[in-house]
Each structure stands twice: as C-alpha cells, then as structure tokens.
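The values are calculated or read from the model by the stated rules, or taken from the named source; none is laboratory data. Remember, predicted model here, so these are calculated numbers, not experimental data. We place every Cβ from the backbone using ideal geometry, glycine too, and count neighbours over all the protein chains shown. These area figures cover heavy atoms from the full protein model, side chains too; ligands, DNA and RNA do not enter into them. Shrake-Rupley method; radii C 1.70, N 1.55, O 1.52, S 1.80 Å.
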Amino acid sequence: MNYTAPLWLPGGNLQTIWAAVAAGRFAGPKPAFRRERWDTPDNDFVDVDFLQGPHAADAPLMVVFHGLEGSSASHYAEALASVASTRGWACAVPHFRGCSGQINHAPRAYHSGDFEEIDWILRRFRASHRGSVVAVGISLGGNALMRWAGEMGAGAGEVVAAVASVCSPLDLAAGGWAIGRGFNRQVYTRMFLKSMVPKALLKLDQHPGLFSRERLLAARDLYEFDNVFTAPLHGFKNTEDYWARASAKPHMNRIGVPSLALNARNDPFIPAWSLPAASDVSASVTLWQPEEGGHVGFPSGPFPGSVQFMPEAVAGFFSDHL
C-alpha cells in the first residue's frame with residue numbers, strides 16, 4: 001500500500017484541514033442513513049445510523065466508530081459509507097454517547113478506551129447481522145477499537161473478521177502532548193472544546209454536582225478537560241491515569257484478529273515517535289505508516305481532491321480477510 005500526497009497540498013496541517021472541509025467525500029450520491037436508537041444495559045441509549053441502499057442480507061457489514069466529537073456526518077464516515085455502498089456492503093455508524101445530536105441520559109459520556117462499550121455494540125451487530133462483520137475506528141474510535149481487540153485477544157475473531165484503526169492516538173499521552181502545543185492548541189484544541197464544553201455543561205444540568213463548573217470553564221486544553229470531566233466520570237483517577245490505562249498501544253501485542261493500524265507520520269495530532277513498531281504488536285497486526293496524509297486526511301487526485309483513498313485502502317484490507 002502506497003500513499004503520496006498531491007503536490008498542491010503539502011504538509012500535515014493542510015492535508016488534515018483540506019480533507020475535512022473541502023475535498024470530495026464520495027464519487028456517487030451522498031450517503032443517506034436511517035437511525036435506530038439502542039437502549040443500553042445501564043438505561044441510557046446510543047444512536048446508530050445505518051446506510052440506506054441495496055445490499056444482500058449476508059453482505060459484509062462495516063461498522064464505523066467515529067473520532068472525537070465526530071458523527072455519521074463526518075467526512076471520513078461519509079467516505080467510508082460511500083465505499084461500502086459501491087462494494088455492496090452494509091455500513092453502520094454507532095454514535096458514542098452524546099455525539100448523535102442529543103445528550104445522553106447517564107452521568108457519563110464517552111472516552112478513548114471505552115472497550116466495554118465497543119464490545120456491547122459489536123456483539124449486538126454480530127447477533128443481528130447474517131454476514132461477516134468488520135469494524136474500523138477513526139482517531140479516538142480507533143484507539144477504543146484496538147483497545148477492545150487487545151482485551152479480547154483471539155476471542156475477537158468470534159465477533160469480527162477484521163478491524164482497522166485510522167490515525168488513532170494509540171499512545172494517548174503522546175497525542176495529548178502534541179495537541180496541547182502551539183498551532184494545534186490554538187486551532188484543533190479550541191475546535192474540540194467549542195463543542196465538548198457545552199455538552200459537559202448540559203451533563204452537569206442533568207446531574208448537579210457531577211463535577212466543578214468553575215474548573216470546567218477554566219479548562220484550556222484537553223488535559224485539563226479530561227482531568228475535570230472525562231477521567232472522573234469514567235472511573236479514572238486523573239488525566240494521567242486515563243491516558244495510561246486507555247491507550248491501546250500497550251495491549252496491541254495481544255491482538256488475535258487481523259488488524260490494520262494506519263497512521264500518517266506527519267499527523268499533527270500524533271508524534272511519529274509514539275507510533276507502535278513491529279516489536280510492539282502481535283503478528284495479527286499490520287502497521288502502515290506512510291510519511292504523509294495528515295490526520296484522517298490522505299487526500300488524493302487533482303484539485304480539489306478526494307478523501308476516498310483511505311476508505312478504499314481500509315476496505316481492501318477487509319476484503320482480504322472476509
């Protein structure tokens with residue numbers, strides 16, 4: 001697998017931003033989804049968007065776990081759904097709690113290492129779908145998915161045929177360090193906090209006293225936000241404990257299902273030095289680390305470009321293991 005960025009789009013930041021806001025997402029019609037609401041075991045809910053369109057009942061199902069503050073409307077989700085459609089596959093995008101446009105009920109949200117939630121969702125798909133199930137996680141969703149695969153070991157193969165992570169911060173401390181500095185802090189961190197803080201405040205309105213409003217409003221980076229909100233709401237002592245225990249990288253040597261970990265080495269969110277090496281992962285894991293691509297970018301073709309390179313590559317990997 002080879003990737004070369006267009007000459008007119010140099011650098012990780014441009015490849016990241018252009019892919020998200022301007023590049024083409026699909027070759028045919030815009031993917032259309034229908035929504036189902038699934039009740040969770042803890043009396044909450046997750047919303048799952050299913051790609052509409054014809055496919056055989058036993059066609060492969062590609063499950064897409066979105067990234068931080070993502071949804072089925074994210075550029076990568078629409079691109080993956082489009083590629084699934086052209087292959088005659090089913091596709092579904094489960095939304096992490098609070099990401100579907102409606103705040104969830106429970107005194108929790110979602111986090112990078114939520115492998116229990118991944119397990120419940122994937123097993124429900126496995127129980128209801130006649131064909132093979134494959135799963136791809138983008139950024140945060142990919143870390144959670146790989147964390148699940150490491151936790152399950154060979155047992156993951158009872159649920160899915162293969163998994164993939166794309167531009168995932170498999171070492172969360174390294175990713176947190178990178179996104180909290182310089183340009184990243186001024187642009188990407190502010191973008192994430194712009195939606196995360198209001199949703200956290202809605203959670204506080206639902207559950208008064210859950211955390212300190214003053215400390216949350218004072219948070220200026222993801223480290224501080226996670227220390228006030230994400231870590232304590234999900235059973236971690238603090239940000240350091242959360243980032244250490246939720247990171248997938250230390251568990252990737254136990255993965256027993258065919259897995260692809262795709263990371264661009266110029267990803268502004270993820271330092272190249274933090275990426276897993278062959279010695280860090282099991283023989284079931286394929287590492288693909290091209291020099292370029294940005295964060296969930298991989299734009300290709302003439303101006304204005306397309307983001308279908310990554311979905312085609314991921315789908316090709318899955319096809320080899322179906």
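Taking 65, 183, 96 in turn, the Gaussian network model of the chain (Cα-Cα springs below 10 Å) assigns the largest fluctuation to 183. Around residue 78, with a cut-off of 11 angstrom between Cβ atoms, what is the net charge of the other residues, counting Lys and Arg +1 and Asp and Glu -1? Spelling it out: positives minus negatives among the neighbours equals +1.
In a shell of Cβ-Cβ distance under 14 Å around residue 97, excluding residue 97 itself, what net charge do Lys and Arg (+1) and Asp and Glu (-1) give? So the surrounding residues net to -4. Identify which of 166, 296, 285 has the largest mean-square fluctuation in a Gaussian network model of the chain, with springs joining Cα atoms closer than 10 Å. In this elastic network of the chain, the residue with the biggest mean-square fluctuation among 166, 296, 285 is 285.
At 0.36 nm per residue, and after removing the present C-alpha to C-alpha distance, how many nm does the segment from residue 213 to residue 106 gain when stretched out fully?
36.7 nm
Shape class for the chain, computed from the alpha carbon gyration tensor (a ≥ b ≥ c): rounded, with a/c under 1.5. Considering only beta bridges that DSSP places wholly inside the stretch 36-107, some 70 percent are antiparallel. Quick one: of the DSSP bridges fully inside the chain, what percent are antiparallel, nearest 5? The answer is about 35 percent antiparallel.
Summing +1 for each Lys or Arg and -1 for each Asp or Glu among the other residues whose beta-carbon sits under 11 angstrom from that of residue 275 gives -1. For the residues 307, 281, 63, a GNM of the chain with alpha-carbon springs under 10 Å puts the largest fluctuation on 281.
Note that the chain presents 40 Å² accessible area per residue, ligands and nucleic acids not counted, probe 1.4 Å. Over the chain, DSSP H runs of length four or greater, each weighted -39,500 (n - 2.57), average out per residue to a 222 nm ellipticity of -9500 deg cm²/dmol.
Can you give me the % of accessible surface on the stretch 38-78 that is carbon or sulfur? Probe 1.4 Å, all protein chains present, nothing else counted. Of the solvent-accessible surface of the stretch 38-78, carbon and sulfur hold 50 percent. Rolling a 1.4 Å probe over the protein chains gives residue 177 an accessible area of about 130 Å².
Placing 30, 203 in order of accessible area, with the largest value first and a 1.4 Å probe, yields 30, 203.
Note on the stretch 127-179 and the stretch 8-39: Cα centroid distance 20 Å, given to the nearest whole angstrom. Modelled this way, with points 7 Å down the Cα-to-C-beta line, the labels at residue 192 and residue 52 are 3.4 nm from one another.
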